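K.L.:
Sharing a structure here in structure tokens format.
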Amino acid sequence: MNLLHNSRFIFTWLSGMTLTLGFSIFFLSMSWLTIDVLKQPALLGIIMTAVSLPRVIMMVFGGVFADRYQKSRLLFLTNLGQGVLMLVVVALHLADAYSVIVLILISIAFGILDGMSYPALSSLIPSLVKKHELQRANSLFQGSLELMFVIGPFLAGLLLTWGGFGLSFSTAASLIFISAFLMMPRLIRDHIPAAQTMSLKHVVFDLKEGIRYVSKTPILRSGTFSIAIVNLFIMGPLIMSIPILVGERGGTAFDLSLIEGGLAVGTFVASFLVLLLRSVHRGRFVFRALFLTIAAFLFYTQAESVPMLAFAAAMSGFMLMLVYLPAVTLMQEHSDQDKIGRVMSIMALAASGLEPIAFAVLSILVALSVPIQTLLITFGIIGLAFSIVLYVRSQTFRNTR
């Protein structure tokens, strides 16, 4: 495979894996800290929102910066900043100085940096590989990241069991620093755009141009909406519900890692399945997977035991990834290179930028004692309705191979 002889892709690939492994360890550790130590399940939604809302705001502008500046340099600096934040969390643990306000502030800063990096990474890969290798590159890259999400929760559970929060947060910090150094510009050697004047006026103009471009291009528009549906109505509620459901059942950190690991296993397997797909009609395939994703999620809402929750989460993640990867590749293939950063920024907004809405709504309603399963079923039904409307109105996307 030519991809494995492409050193620039290899460094990007390794950087993505170490960053994802570090983030998954941090995320599970923070979730369990909130549930088991602070004893505040409702705070989990607030912390998730504190990460996600600034992330949304920065994703809106991240694509503009990705089109104007060297992408590897942006990624190096943002990953380095996330590593520093992890060191702050380690220091808080050593000083036993956990504070709700401080944790929220760290979450906000983490979200800002992640929002800057996501569009840059998504738009970097098409510039490192040939067009006919793009589907395989996306599948290999995303599949490896999902493998890290499989390993991460189990590793976090072991680290929490053996050494507590200090060991788990320290490990996350080390991995994120490694990710930053693998993304050094001298290793990636990606294109450096010509120097341009950067002002608020130019940023707003570029942003409006990107939004118009996506809205007027049927394939980009339908791909964006399909990704938005599965993340707003499926992935967001699913991620938010896992620690709550474990807490309601009196589960342990291992139970939490089992369900989150199940979700990661599903997405990982699907990512490599896409790697093997050659002649599938991708437009129709995305919509079939979209409806099956909602079916798997509705099954998740009815699961009672931890093993069944893990299985249902795995099936939901499996089908969701079969929506995401072909849709993203189609969007990359049909985007102009001078606008791809902004297209990926809008895609990233659809992929995870809408999650704060789900987190905030669920957090408020859970605090008001609305049963979590009722909320999950409601989200699933609304997602189904939007999927039907999108299918009817997306003839061009359905007919695209």
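K.L.:
Of all residues in region 288-323, how many are at pLDDT below 90, surrounded by fewer than 19 Cβ atoms within 10 Å (Cβ to Cβ) and touching a Leu at 6+ places or on another chain (Cβ under 9 Å)?
P.N.:
Residues meeting the conditions: 3.
K.L.:
Within region 60-75, track down each residue that is closer than 13 Å to His191 by Cα and buried (at least 20 other Cβ atoms within 10 Å of the Cβ).
P.N.:
Ala66, Asp67, Lys71, Ser72, Leu74
K.L.:
For Ser257, indicate whether it is over 23 Å from Ser52 (Cα atoms), polar (S, T, N, Q) and touching a Phe, Trp or Tyr at 6+ places or on another chain (Cβ under 9 Å).
P.N.:
Judged against the criteria, Ser257 is not a match.
K.L.:
Could you say which residue among Ser170, Ser99 is polar (S, T, N, Q), modelled with pLDDT of 85 or more and in contact with a helix residue (DSSP H, G or I) (Cβ under 9 Å, 6 or more places away or on another chain)? Please lay out each step first, then the result.
P.N.:
Values: Ser99 fails: modelled with pLDDT of 85 or more.
Sole residue among the options that is polar (S, T, N, Q), modelled with pLDDT of 85 or more and in contact with a helix residue (DSSP H, G or I) (Cβ under 9 Å, 6 or more places away or on another chain): Ser170.
K.L.:
Of (1) modelled with pLDDT under 75; (2) buried (at least 20 other Cβ atoms within 10 Å of the Cβ), Gln337 satisfies all except one. Which?
P.N.:
(2)
K.L.:
Is it fair to say Thr329 is of a type outside the set (A, V, I, L, M), over 28 Å from Ile46 (Cα atoms) and surrounded by fewer than 24 Cβ atoms within 10 Å (Cβ to Cβ)?
P.N.:
Answer is yes for this residue.
K.L.:
Scan region 152-193 for residues that are closer than 26 Å to Leu77 by Cα, more than 24 Å from the chain's Cα centre (by Cα) and among the β-branched types (Val, Ile, Thr) and report the count.
P.N.:
Number satisfying all stated conditions: 1.
K.L.:
Hey, another quick one. Against the definition (under 14 Å from Ile234 (Cα atoms) and not polar (S, T, N, Q)), how does Ala327 come out, yes or no?
P.N.:
Values: under 14 Å from Ile234 (Cα atoms): no; not polar (S, T, N, Q): yes.
No.
The values are calculated or read from the model by the stated rules, or taken from the named source; none is laboratory data. Just so it is clear, the structure is predicted and the values come from calculations on it, not from any experiment. Don't worry about glycine lacking a Cβ; one is built from the backbone with ideal geometry, like all the others, and counts go over all protein chains shown.
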